[in-house]
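Structure first, commentary second.
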Amino acid sequence: NQTPDVECDIATVTVYVDPVPDIAINLSGLPSTGATGVPYAGTFTCVNVGTASATAGTSCAVGSLPSGVTQGACSISPAGAPWPAGGPIAQGQTVTCAVNGTPTSSGTSIAAGSTGATGDTNTANNTAQRPIAIAAAPVLSINLALLPTTGSVGVPYSGSFSCTNSGTASAEASA
């Protein structure tokens, strides 16, 4: 029996990958519920998880919000400075945008977030959706204008007040 001659060649390959930005959006800071006539507030973020700064074509936005609710100002961290749409987002930095307002109608909206930058080749994390259910709600007010402001001990007290529901749902007694 003969042992075959086995030779192995070893090669080293170096792969160079150009650094690129990768902006990812997250809508989890938006509350999934709200009520008409009741202030709504939340945030969403866009993070550069890539290997390079995003210097052009940057965006971080949300649309299809409930009526009466809008996207507000954005800031960039870690500095906390205001961030204008289209501004740079360095590697590892986070843009946080406010969303607020008072919903004017009930129903479910599907908030649609989008982000990106020139050179961002990973588009799988550039969009996100979040359902936001706005419920009808009573809005009660009490008018005490017809009640006397003073009274005397031993003297009958009389007056009237009124309650008004200007909301979009009935107000019911609860135990």
Here the gain from full extension of THR102 to THR121, 0.36 nm per residue of separation minus their alpha-carbon distance, amounts to 3.1 nm
If every Lys and Arg gets +1 and every Asp and Glu gets -1 at its Cβ, then about the Cα centre the chain yields a dipole, in debye to the nearest 20, of 1080 debye
Once normalised by the length of the chain, the mean sequence separation of its alpha carbon contacts under 8 Å that are 6 or more apart gives a contact order in percent of 25 percent
If N is the residue count of the stretch 21-110, its Cα Rg over 2.2 N^0.38 Å rounds to 1.17
Taking 0.36 nm per residue of separation between VAL15 and ALA56 and subtracting their Cα-Cα distance, the length gained on full extension comes to 12.1 nm
For the chain, inverting the pair-averaged 1/r of distinct alpha-carbon atoms gives a Kirkwood value in Å of 20.7 Å
FRET efficiency for VAL38 and VAL153 from the Cβ-Cβ distance with R0 = 45 Å, rounded to 0.05, comes out at 0.60
Under 13 Å by backbone N from the virtual spin label 7 Å along Cα-to-Cβ at VAL139, the residues of the stretch 104-127 are 104-106
The rounded separation in angstrom of the Cα centers of the stretch 15-40 and the stretch 46-119 is 7 Å
For 130-137, 159-166, 112-119, ranked highest to lowest by mean beta-carbon neighbours within 10 Å, the order is 112-119, 130-137, 159-166
Computed over all unlike Cα pairs, the Kirkwood hydrodynamic radius of the stretch 12-70 in Å stands at 14.6 Å
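Since every read-out is calculated from the coordinates, none of them should be taken as a lab result. No experiment lies behind these values; they were computed from the predicted model shown. Cβ atoms come from the backbone with ideal geometry, glycine included; neighbour counts cover every protein chain shown.
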